[in-house]
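The next block holds one structure in the form of structure tokens; read it before the comments.
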Amino acid sequence: MKSYCDLCKCYIRESTIFSDLNDKEVEAIKRSIKTFQFKKRAIIFHEGDESRGLYVVKRGRVKLLRVSKDGKEQIIDLVEPGGLLGVEILYDARGHSTTAIAMEDCEVCFISKENFEDLLEVYPSIARNMIRALSRELDNAYTRIGLLGLLTAKQRLAHLLYTIAVEQGYTDGKARLNLPLSRHEIGELLGITQETSIRLLRSLKEDGIIDIKGKEIIIPSLYRLKTLAEM
């Protein structure tokens, strides 16, 4: 479900911390917000960079990843419009714990750490919204960890595709997904190799769960996909 943000004048997910502010609060925050645009594959910030403020994704998708000492990348999360970046400012981290990369042309709202802390003192409703948003993020993290331990790789892939379908507005019947992930990125997100992700997609196609046409994935029955993901 989406809600309207009076701050950004756009439709965003309900996880946004700005979705239910009154007019006075909106005007106060507008004076502190800066908007930045990033091209596809542009780096918003690097892991280890100083945490200077909080970002809210207004348009496009962003992936958060970590890089091991040997250079191997691991996608930690995919952030949709309304999602938060740079939450490290809330617990005095010295730097960002992940690298944020635009998966497509993106627009993000930015508020500095100093301005955000001032706003929290004046407008407690923003703090309440922040707690709700972080609670949802924590719950999502627990869910992802549980999936890694309890489901097979094929079930995790089915769950990922079903989640993307729901995020793109499909809730029942047939779906046509504009998949935002490459086969390599699917592997990173699920903790499997690119070759395994390709093999599993082929297996789902052979089972009649999905059909693949270029970058588009057609799901004849969301119910079948969801059932597989929950086995």
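Ellipsoid fit via the Cα gyration tensor, the chain: semi-axes of 33, 20, 15 Å, each the root of five times an eigenvalue, largest first. The Arg94 and Arg59 beta-carbon pair, evaluated with R₀ = 22 Å, returns a calculated FRET efficiency of approximately 0.15. Think of each Lys and Arg Cβ as +1 and each Asp and Glu Cβ as -1; about the Cα centre, that makes the dipole of the chain roughly 820 debye. Using 0.36 nm per residue and subtracting the Cα-Cα separation, the extra length available between Glu27 and Gln194 on full extension is 55.4 nm. Subtracting the Cα-Cα distance of Ser203 and Thr152 from their residue separation scaled by 0.36 nm leaves 17.0 nm. Other residues within the sphere of radius under 12 Å centred on the Cβ of Ile111, judged by their own Cβ, net out at +2 (K and R +1, D and E -1). Rolling a 1.4 Å probe across the protein heavy atoms gives the chain an accessible surface of 55 Å² per residue.
Hull volume per residue, based on the alpha-carbon atoms of the stretch 129-230 and their convex hull, is 105 Å³.
If R0 is taken as 25 Å, the Cβ-Cβ distance between Leu120 and Thr143 corresponds to a FRET efficiency of 0.35. If you roll a 1.4 Å probe over the chain with all protein chains in place, what percent of the accessible area is carbon or sulfur? Exposed carbon and sulfur together represent 50 percent of the surface. Across the stretch 169-188, no residue has a backbone nitrogen under 15 Å from the label position 7 Å along the beta-carbon direction of Asp105. For the stretch 45-105, the pair-distance distribution built from all alpha carbon pairs, in bins 10 Å wide starting at 0, is 23, 53, 23, 1 percent. In this simple spin-label model, placing a label point 7 Å from the Cα along the Cα-to-Cβ direction at both Lys34 and Asn178 gives a separation of 3.0 nm.
The values are calculated or read from the model by the stated rules, or taken from the named source; none is laboratory data. Values in this document were obtained by computation on a predicted structure and should not be read as measured data. Cβ: placed from backbone, ideal geometry, glycine included. Neighbour counts: every protein chain shown. Note: accessible area is taken over every heavy atom of the protein model, side chains too, but ligands, DNA and RNA are not part of it. Shrake-Rupley method; radii C 1.70, N 1.55, O 1.52, S 1.80 Å.
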